[in-house]
Amino acid sequence: MTDELQTDASPFSASEHTILCVDDDANILSALKRMLSLEGYSVTTTESAREAIELLMAHTYDLIITDLRMPEMDGIVLLKEIKDLYPSMTRVMLTGNADLESAKQAINEGQVYKYLSKPWDESETFAVIQEAVVMAQKKRAQDLLSETVATLESRIHDYFITTIKIFSNLMELRAPKLLIHSKNVAYLSSQVAKLMELSEGQVQEIYISGLLHDIGKIGFSDRLLRTLSHDLPHSDFDLYRKHAMFGFSCLRNLDRMQSIAANIKAHHEQLDGEGFPEGLKGDQIPLGAQILGIVETYFELMEGELTGSAMTSMQAIKALYAQGDGAYDRKILDKFLIAAKKMAVNVEQQIAVQANSPAKTPSSPAVKALNAPAPADEGQAKKSNYRPGRGEDPLQKTFTFKILTALVNTYAGAKIDDRRDEKNGFLWVYSGSKRSEDNQKLDDWLTKNGFIYDAKLSGWYYPFD
């Protein structure tokens, strides 16, 4: 057993180890010190348990050997106190045959390594002591390693937090509104994660992902940062769609950032594969990214980023639900709804202050939607989330189908008839009641974005290329 406790590279040397012996019998102490000193150990003796504690406070020992029966404080109490104060110290007990039951108690309460019977056998005593001091040495080495690892982990954590702060500061310097938006996304996303009963580590990752989800935008030009994505021309919109991949590239090689980078890259993906940058579907999209995608869209709708005009919280929520299960997971949406309602008022006020204009409240009554008209043009068409009409001419692109859907779903009675995948496909919008002021705003938006009104059919159609 002694050989198992030693390392091959470090042969045992008794002179490297210190032992404290405690016994109220001076003769026993003298005998122990003589025997152990001749073997090479450094030995300190005391007849008092309380003095032994004082010595332990002032010096370091590999091993303590204590008698079981002593006045003032017996060996059981002393060993228990040493275990609490100096758990790495190995403890050996001296006892007579008559005290075997008490010895068992000491082993349980003081976690004694072994006990030696009086009178002792020298060869057995040397073997036990050598095993004990080697164990103490190994235990101290393990404690030192654990302390070193804990220190390194603490430093890594500090570097991790510092990295996040650096990126946040860059965002604030580049575009203050970008950081405010990111903080909102981070907080609400973390609340959704908590409602989904994710682990503390996952919640933290999702929070950080939200805080840095737009880090890829810091390289954009001032003009691009100032322009709503709704108003971007085709060439700029293509660049805008790359920001998630830019953010992923910034973080993917950093320690502890892999999951966060993956969330950032996929936060614009959708379950039906209509998202970007990779067109991922279903479970291919990380859960954290799915949460971010819902929360991000919610804030962008309220900020007017997707439609050109700010929505209220309930309008934005309605628009998210209107996209059905194709874009978002309904279970996540339901948890999001609970979290969003709790902070809706504060968010609306904050966004209204930023935009310097209060959010508008819908007042349109529901009306019956009209039937779809006959096709307005001929030819093949392909449905897309990025182009409402047909063809590839970038000059024809003024908005995305996703933006159109989100906008129309907020107006009572308004609907889209999308049959672009049919042979003679078409895209029509019905804006509902003309007596509604809000629906008149939809008419204005459709006019601005190239739709043509057909008075006969009371609907707007998009002129295909």
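Nothing in this text is a laboratory measurement; each read-out follows from the coordinates by a stated rule. Bear in mind that the values here come from a model prediction, so they are computed numbers and not experimental data. With ideal geometry, Cβ positions are generated from the backbone for all residues, glycine too; neighbour counts draw on all protein chains shown.
Here segment 175-355 is treated with +1 on each Lys and Arg Cβ and -1 on each Asp and Glu Cβ, and its dipole about the Cα centre works out to around 340 debye. For residue 21, enumerate residues with amide H under 5 Å from its amide H, sequence gap 5+ or separate chain, H modeled in the peptide plane. Correct list: 44, 45, 46, 65. Between residue 234 and residue 447, residue separation times 0.36 nm minus the direct Cα-Cα distance comes to 74.8 nm. Which residues does a label at residue 88 reach in segment 45-82, if reach means a backbone N under 12 Å from a point 7 Å past the Cα toward the Cβ? Residues passing the 12 Å test: 60-62.
Residue 171 sits among other residues whose Cβ lies under 14 Å from its own Cβ, and their net charge, with Lys and Arg +1 and Asp and Glu -1, is +3. At R0 = 30 Å, how high is the FRET efficiency between residue 325 and residue 197 if r is their beta carbon distance? Nearest 0.05 is fine. E between residue 325 and residue 197, to the nearest 0.05, is 0.90. When the charge dipole of segment 175-355 is built from unit charges on Cβ atoms (+1 for Lys and Arg, -1 for Asp and Glu) and taken about the Cα centre, the candidate among 264, 289, 201 whose Cα reaches farthest toward its positive end is 201.
Per the Cα gyration tensor, segment 175-355 maps to an equivalent ellipsoid with semi-axes of 21, 21, 16 Å, ordered largest to smallest.
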